[in-house]
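Undergrad: The following block contains the structure, expressed as structure tokens.
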Amino acid sequence: MTRKNDKEKIRDFYDLVSSHFNELWGEHIHHGYWIRGDESKEKAQIQLIDHLAQIAKIQPGGRILDIGCGTGGSSIYLAKHYQVEATGITISPVQVSLANQAAAKEDVKATFLLMDAEAMRFEKSFDVIWSVESISHYQDIGEFFASAAKLLKPNGTVAVIDWFKKPDLNSAEYNREIVPIEKGMLVELGTMQEYEAWMKSNQLKIIRSEVLNEHCAKSWDLALDIIKNKSLWKLAATNGGMFIDFLRAFRAIRAGFASGNFVYGLVVAQKI
């Protein structure tokens, strides 16, 4: 039986939609973090990056590996505003091309490579391994954290924001609220506690674990406006059921935020 986070489907999906994401979501393909509540979506997205970067204590001159880098928004921002050297990886050739073009335009120290996060190969080590809304796509998350820990310098940091499910959901809650998200977004959701356990088993000490729902739920109020765009449904109609499932998942995520059964969380850990 095909898994919801089948790698080929994920690659094909991001190759298809990445060129449309600027219109859909902007240059940053992730949630926003609202502090006052009246910020623009774009400002809130930057605040999410800053929130994670400050907890991870990113320093000028550091070497960052952005895993599941999308079209490069976070890496480019970190390189420009935190004076780091960023390397981003993704399995989408389209995203690699778009990210490298954007980095060249900004003239920053950010390079993007076509590489599977579950088969990483680097000769160098990194100060920070950064991943925002990517790890839930992976099929063996425990093994990913084992590989990530090996790529960290001594005292290096893993900085993660991802999508999770609430622990101990019953089967009815899981099928009603989580399955549509997993199906539409090509993910398999774990819990924050599972991520923390995987980190600890690989000599990563948890520095901060934080549920971000209260600050980030507004992302999906805005997303419902986005999917009213008729051109998106036309794109969906010409590109099969996978894209339609993606758009339908928007409502499921908003409902999951409302119930608390979908968790948007941050975990930062340090190599010991």
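Undergrad: Restricting attention to segment 91-102, does a residue exist that is out of contact with any Phe, Trp or Tyr (no Cβ under 6 Å at 6 or more places or on another chain) and either part of a strand (DSSP E or B) or among the charged types (D, E, K, R) (or both)?
TA: no
Undergrad: Go through the residues of segment 74-83 one by one and say whether even a single one is of a type outside the set (Lys, Arg), surrounded by fewer than 18 Cβ atoms within 10 Å (Cβ to Cβ) and on the phi < 0 side of the Ramachandran plot.
TA: So far as segment 74-83 goes, yes, one or more of its residues are of a type outside the set (Lys, Arg), surrounded by fewer than 18 Cβ atoms within 10 Å (Cβ to Cβ) and on the phi < 0 side of the Ramachandran plot.
Undergrad: For the subset of segment 154-174 comprising residues that are charged (D, E, K, R) and surrounded by fewer than 19 Cβ atoms within 10 Å (Cβ to Cβ), which member is nearest to residue 261 (Cα to Cα)?
TA: Residue satisfying both the conditions and the ranking: 173.
Undergrad: Taking segment 35-62, which residues are β-branched (Val, Ile, Thr) and surrounded by fewer than 16 Cβ atoms within 10 Å (Cβ to Cβ)?
TA: 35 - this is the single residue of segment 35-62 that is β-branched (Val, Ile, Thr) and surrounded by fewer than 16 Cβ atoms within 10 Å (Cβ to Cβ).
Undergrad: Please determine whether any residue of segment 161-182 is in contact with a strand residue (DSSP E or B) (Cβ under 7 Å, 6 or more places away or on another chain), in a helix (DSSP H, G or I), at pLDDT 95 or above and under 17 Å from residue 133 (Cα atoms).
TA: Checking segment 161-182: at least one residue is in contact with a strand residue (DSSP E or B) (Cβ under 7 Å, 6 or more places away or on another chain), in a helix (DSSP H, G or I), at pLDDT 95 or above and under 17 Å from residue 133 (Cα atoms).
Undergrad: Okay, moving on. Could you tell me how many of the residues in segment 137-155 are in contact (Cβ under 8 Å) with a residue 60 or more places away in the chain and charged (D, E, K, R)?
TA: Total satisfying the criteria: 1.
Undergrad: Select, from 143, 118, 133, 194, the only residue that is within 14 Å of the chain's Cα centre (by Cα) and either surrounded by fewer than 21 Cβ atoms within 10 Å (Cβ to Cβ) or under 14 Å from residue 88 (Cα atoms) (or both).
TA: Going through 143, 118, 133, 194 in turn, just one is within 14 Å of the chain's Cα centre (by Cα) and either surrounded by fewer than 21 Cβ atoms within 10 Å (Cβ to Cβ) or under 14 Å from residue 88 (Cα atoms) (or both): 133.
Undergrad: Further question: Among (1) crowded, with 20+ Cβ neighbours inside 10 Å; (2) under 24 Å from residue 4 (Cα atoms), where does residue 128 come up short?
TA: (2)
Undergrad: Which of (1) at pLDDT below 95; (2) closer than 21 Å to residue 164 by Cα; (3) surrounded by 16 or more Cβ atoms within 10 Å (Cβ to Cβ) does residue 16 not meet, given it meets every other one?
TA: Evaluating residue 16 over (1) at pLDDT below 95; (2) closer than 21 Å to residue 164 by Cα; (3) surrounded by 16 or more Cβ atoms within 10 Å (Cβ to Cβ) leaves (2) as the failure.
Undergrad: Quick check on this structure: which one of 26, 32 is assigned to a loop (DSSP other than H, G, I, E, B), modelled with pLDDT of 95 or more, within 17 Å of the chain's Cα centre (by Cα) and surrounded by 14 or more Cβ atoms within 10 Å (Cβ to Cβ)?
TA: From the options 26, 32, the qualifying one is 32.
Undergrad: How about segment 188-262: which helices (runs of 4 or more DSSP H) wholly inside it have at least 2 residues that are at pLDDT below 95 and either over 30 Å from residue 152 (Cβ atoms) or basic (Lys, Arg) (or both)?
TA: Output list reads 218-226, 230-238, 241-259.
Undergrad: Is there any pair linking a residue in segment 40-55 that is on the phi < 0 side of the Ramachandran plot to one that is surrounded by fewer than 20 Cβ atoms within 10 Å (Cβ to Cβ) and of a type in the set (S, T, N, Q), with Cβ under 6 Å and at least six apart or on different chains, and which?
TA: Every condition considered, no pair remains.
Undergrad: Next question, about the same structure. Go through segment 114-128 and report how many residues are under 13 Å from residue 156 (Cβ atoms), of a type in the set (D, E, K, R) and part of a loop (DSSP other than H, G, I, E, B).
TA: Of the residues in segment 114-128, 1 are under 13 Å from residue 156 (Cβ atoms), of a type in the set (D, E, K, R) and part of a loop (DSSP other than H, G, I, E, B).
Undergrad: Follow-up. For segment 37-53, state whether one or more residues are within 24 Å of residue 204 (Cβ to Cβ), among the aliphatic types (A, V, I, L, M) and assigned to a strand (DSSP E or B).
TA: no
The values are calculated or read from the model by the stated rules, or taken from the named source; none is laboratory data. This one's a predicted model, so the numbers in the text were calculated from it and none came from an experiment. Please note: Cβ atoms are built from the backbone with ideal geometry, for glycine as well, and neighbour counts cover all protein chains shown.
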